[in-house]
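The structure appears right after this line, and notes come after that.
Since every read-out is calculated from the coordinates, none of them should be taken as a lab result. Quick caveat, the model's predicted, so the values are computed rather than measured. In this analysis, Cβ positions are derived from the backbone assuming ideal geometry, glycine residues included, and neighbour counts consider all displayed protein chains.
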Amino acid sequence: MADVETDVRRLQVANLPPADSGRGLARLPRKLMDALGLNDGDVIEIIGKRSTPARAIRPYDEDEGLDVIRLDGLQRANAGVGAGDFVEVQKAVSRPATKVTFAPAQNNVRLQGSTEALKRSFAARPLTQGDTVATAGHQRVNADMPDHIRQLLNAPAFALQEVRLQVVSTAPRGVVHIDQSTVVELLSEFSPADGDRRADVTYDDLGGLKDTVDALREMVELPLRHPELFQRLGVDPPKGVLLHGPPGTGKTRLARAVANESDAQFFHIAGPEIMGSAYGESEKQLRELFEKASQAAPSIIFIDEIDSIAPKRGQVTGEAEKRLVAQLLTLMDGLEPRQNLVVIAATNRPEAIDEALRRPGRFDREIVVGVPDETGRREILGIHTRGMPLASGVDLDELARRTYGFVGADLAALTREAALEAVRRIMPKLNLAEETIPTEMLDQLSVDTSDFEGALKR
Ligand code: ADP
């Protein structure tokens, strides 16, 4: 008689390439699929620190024979694991949901899309409460795949670009999927009450930064995830890392992604903002933030535009700045190496910041975040057109060639503008401020080469 206990397998997590990401698919070894009695498209539960469902699909040829499961960034976040970690996998049953409630997974995003479009976008996708999921975009795959997987890959777009949603609740609980009779509710705003477990950004959302991500994984993610390794070796992990590069190259996004992928809490300080406060108030805010972050550890504090709060002494510095820098230094020096808190600061003018900040034990590691090259631009364009109804003629390679000098923020703006061009084309009267597009319109909408041409001219 088969023992149920044995039908759980341990596998090592690897990254799923972009083409398969965001669909709720997990690639795993055929040997294991056979052992668990799984066919392509069957539902599994992936158990790390938390548990998340997926549809199993056969591995890439090069993975055959390895005990590896490929997951995308959202799945890794949902399971609370990073690449290289181990998860358990077991067969699961997905039940049709009577009701599913979603909310935007990002702050400051208001949504009021059609729930019909949402239902179609998530058709066949196994979901569970607490997960963060991405809406689909047209991919139109007619490969030799079982129905469930074809349905996942061909799910229609929900909006002009991919939208991240949190599964706030499901009825019944457990692993469910949406079908014809499911009632889908979309809350208009993110509700932080549901925990801070947000996976709004992962490594999958960063293009052209592979080396940078690798460096940060080693400096920040590894010690946050496995403090015991460092303790055993008697090595102190870095307390502070300085990211430097031009505006719009992804520094903020990078810090957020590392926090999410390390399963750490993220605290954000905007340099110029904290400077504006009343006498003594800025230092107090800084102290309180460090306090909160220590309590919530593992944590990452991200200080954006650090040059604005910590300019070189001797430069036109007022008393307020001096006190704030002194406070920051005190707080950093006071951090215990074992506290599991890393401060990441960003600047585009590394030469302009107070040298005292860069002494050992403070921001003693530096990572350059550069302007992307053609390959990087192609990756970034791929990321920002995910979930977009792209016409088949759109040539992202060509666009990458033609956008020399564009940074990530420019490329993101370009894709947004192209999508709006497409909307203007079919709906001259649409109120773009509302940004809700009727489902019937969305079905006709595709962003084509002329839209990108139009966007490039703007
Ligand atoms: P920085 O902090 O370096 O000024 P951000 O991280 O705020 O830049 O980037 C602004 C926006 O530009 C991001 O939200 C994202 O949409 C886009 N972006 C920037 N760099 C990248 C990148 N490397 N990959 C994908 N998107 C990027």
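Report the net charge of residues surrounding R217, where surrounding means a beta-carbon distance below 10 angstrom and charges are Lys +1, Arg +1, Asp -1, Glu -1.
Around R217, the surrounding residues sum to -3.
With an 8 Å Cα cut-off and a minimum separation of 6 or more residues, compute the relative contact order for the chain in percent.
RCO, the chain: 15 percent.
Taking 0.36 nm per intervening residue step and subtracting the Cα-Cα distance, what contour gain separates L66 from A409 on full extension?
Separation in residues times 0.36 nm, less the Cα-Cα distance, equals 119.7 nm.
Taking chymotrypsin sites (Phe, Trp or Tyr not before Pro) that fall in a DSSP loop and have at most 15 other Cβ atoms within 10 Å as cut points, what is the longest piece of the chain between them?
Values: sites that count: Y60, Y279, Y404.
Longest site-free region, per DSSP loop and neighbour criteria: 61-278.
Can you pull a Stokes-Einstein diffusion coefficient for the stretch 291-404 at 4 °C (1.567 mPa s), Rh from Kirkwood over Cα pairs, as a whole number of µm²/s?
75 µm²/s
From the cross-link list K239/K322; K91/K210; K49/K91; K99/K251, which pairs have alpha carbons spaced over 27 Å apart? Mind showing how you got there, number by number?
Details: K239/K322 21 Å; K91/K210 33 Å; K49/K91 18 Å; K99/K251 38 Å.
In this structure, K91/K210; K99/K251 exceed 27 Å between Cα atoms.
Stretch M427-E288 to full length: gain in nm at 0.36 nm per residue minus the Cα-Cα span?
Details: separation 139, 0.36 × 139 = 50.04 nm, distance 4.93 nm.
Between M427 and E288, full extension yields 45.1 nm more.
Take the Cα gyration tensor of the stretch 17-125, multiply each eigenvalue by 5, square-root it, and list the three semi-axes largest first, rounded to whole angstrom.
Listed largest to smallest, the semi-axes of the stretch 17-125 are 27, 16, 13 Å.
Which value does Rg/Rh take for the chain over its C-alpha atoms, Rh per Kirkwood?
0.98
First obtain the Kirkwood hydrodynamic radius of the stretch 251-299 from its Cα pairs, then insert it into the Stokes-Einstein equation at 4 °C and 1.567 mPa s, and state the resulting D in µm² per second as a whole number.
Estimated via Stokes-Einstein, D reaches 110 µm²/s.
Taking the inverse of the average 1/r across all pairs of different Cα atoms in the stretch 223-352, what Kirkwood radius in Å do you get? Kindly include the intermediate steps, with their values, before the conclusion.
On the way: mean 1/r = 0.0655 Å⁻¹.
The answer is 15.3 Å.
Divide the volume of the convex hull of the Cα atoms of the stretch 39-97 by its number of residues and quote the answer in cubic angstrom per residue. Write down the numbers at each step before the final one.
On the way: hull volume 5.6 nm³, N = 59.
Dividing the Cα hull volume of the stretch 39-97 by its residues yields 94 Å³.
Let me check I have the definition right: for the stretch 215-295, take the eigenvalues of the Cα gyration tensor, multiply each by 5, take square roots. What are those semi-axes in whole Å, largest first?
In descending order the semi-axes read 26, 18, 11 Å.
Over the alpha-carbon set of the stretch 323-381, work out the extent along each principal axis and list the three values in angstrom, largest first.
For the stretch 323-381, the Cα extents along the three principal axes come out at 43, 28, 18 Å.
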